[in-house]
1. Please enumerate the residues belonging to segment 19-46 that are open to solvent by less than 100 Å² (accessible area, probe 1.4 Å) and of a type in the set (A, V, I, L, M).
Amino acid sequence: LEAAQRTIKQKSDEIIQLLQRVHNDTATSQKLTTCLQKEKADLQRALSSAEWLAQTAQAKYESQLHELRVRCDALEKRCQHMDVLERQNVELCAIARQQLSQKEVAPASSVTSHAVPDVAS
């Protein structure tokens, strides 16, 4: 009877130890779960922040790209206008040269009040 009681006591102590281990493991598991949930929330916030930064950077890039395109278009128009002005300038110079050469060739008596005005003035 004593041997049976000792065996029962020993088995009871083993069961109590196992239950304590299970309780401790459960508490540890709950702590780890809480910690992992907190890490997950932190990572989700970091991801949201990174996505916001990426969207902001993309919007800024697109805005700057648009601004550069507008400025390039304006510069292209100015260059085209400068080309037109340069052609006009070449034409005016040719006309002025022609008029100067006609003045040099024409006799002094043929110069009238209807003479072409001097381009240089």
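1. 22, 27, 41, 46
For every residue, the table says whether it meets (1) touching a His at 6+ places or on another chain (Cβ under 9 Å); (2) among the β-branched types (Val, Ile, Thr); (3) at pLDDT below 95.
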| site | (1), (2), (3) |
| --- | --- |
| 40 | no, no, no |
| 49 | no, no, no |
| 56 | no, yes, no |
| 60 | no, no, no |
| 78 | no, no, no |
| 107 | no, no, yes |
| 111 | no, yes, yes |
| 115 | no, no, yes |
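The values are calculated or read from the model by the stated rules, or taken from the named source; none is laboratory data. Model, not experiment: these values are computed from the prediction. Note that each Cβ is placed from the backbone with ideal geometry, even for glycine, and that neighbours are counted across all protein chains shown. We work out accessible area using only protein heavy atoms, side chains counted, and drop any ligands, DNA or RNA first. Shrake-Rupley method; radii C 1.70, N 1.55, O 1.52, S 1.80 Å.
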